Every structure is written in C-alpha cells, then in structure tokens.
Amino acid sequence: MSLAIGGFDLFKVHWFHVLYVLFAIAATVMGTQQLYSTGTGRAVIFAIGATLTFVFFNNRWFENQERPPSRWPPTINMCPDYLTFIPTVPGVKNANGGGCVDMLGVTSKSSGLMKTTKADLQAISSASTNQLFEFTSADVAAAKNIGDLQSICTRCSVAGLTWEGVYDGDSCLGMTVLAAQKKVAAKCNADLSAAVGDIGNSFYG
C-alpha cells in the first residue's frame, strides 16, 4: 500500500522521526529566544548545547544500527590455523584452485603435514599429499551437506590441525553451523507457507 504526494510515499515516512526533528527545532528556537533577554552568551550556549543533545539522541534513536554478525566467526580464515595459502596449485580440483601448506611446522600428529620451505613451493601439486592441505574457506562456504563438511573436518583431524569456525580439535563446528542454518531456513519456509495459507483463506473462505 502506498500514498504518494508530490513524489513522496507517505507510508514510507518515519513520522516519529519527523515529529522529533520538529520538536527539536521548536525547543531550540524557543529556548534560545527565552534566554536571549538575559544575555546573548547564555542564549548561544543553550542553542549549541541543545543542538548537540538533539543530534546525539537523533543518532541514537533513529539512525540505522549495524547488525552484529549472526554467526561466529563472522569470517573464516582462508586456511586452517597458522597454515599459508597458495593461490594456485597444479592439479587441485577445489572451489578456488589453491591450497594450504605448513611453513611453521605446527601440525601435531605423526600423520600431519610436513613442514614446507620457500624452496619447496614451486614443486607443490595435488600429488603432494604429505605437504598440501587441499581445502580452503571457499570449500567450507561451498559445502552443501554434512558429508562435505565432515570430509574437511576429518582432514583437519588427520593432519592434527584446528580451524577457527570449522574444527576445534574435537568437534566439527561447521556441521553445527550448517545444521542451524538449515533449521532456520526450514522454519522460515514453514512460516512463509503459513502466511500464504492465511492470505488465501482470507480471500476464499
């Protein structure tokens, strides 16, 4: 529903904000006029103070507030913790064609990744399974089911790695996030279906 007058849709106007602005202007002008007879200095100080006060509460009450991230962490590192990202790795078939290597020696298990030096980087390929961690955050984002995420978490576990927001060393956090997202999506679809049904009933019955 809309009601446009002079190009303005009256239903989209924030009337409380309009009333607040009008009240702020009236209060500032009237207060300044009342104090003007007692001295110009007092009137000026009141005008400045009132203006700053009304601007502060305008920003606090009516300006759009940034919504906090709905998941934690809000972003996932490109690679597991402390690993280094390589943009292009020959033969790799993942979401972005890159991979991760351990250049610090942080893997904690005997089956983990071997430490990679700068001199080794040119020879890294998809066949370098003892040096290359083949998943990146792009693969986490592209995961469509629990099985996809479980493969990534299993690889982290075998390599002795942690990955904030994905795998903490014990639990596959990515699976929990995906399950929660699916639950929210299912509830949203159910609510939408119910709303559509209510609208249909209001027209036909």
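Where a number appears in this text, it was derived from the coordinates with a stated rule and is not lab data. The structure displayed is predicted, hence computed values, not measured ones.
Across region 130-173, counting alpha-carbon atoms alone, Rg and Dmax equal 9.7, 27 Å.
Relative intensity of region 84-179 on a log10 scale, I(q)/I(0) at q = 0.12, 0.17, 0.22 Å⁻¹, equals -0.36, -0.72, -1.15, per a Debye sum over C-alpha point scatterers of equal strength in the absence of solvent. Between Asn94 and Val18, residue separation times 0.36 nm minus the direct Cα-Cα distance comes to 22.0 nm.
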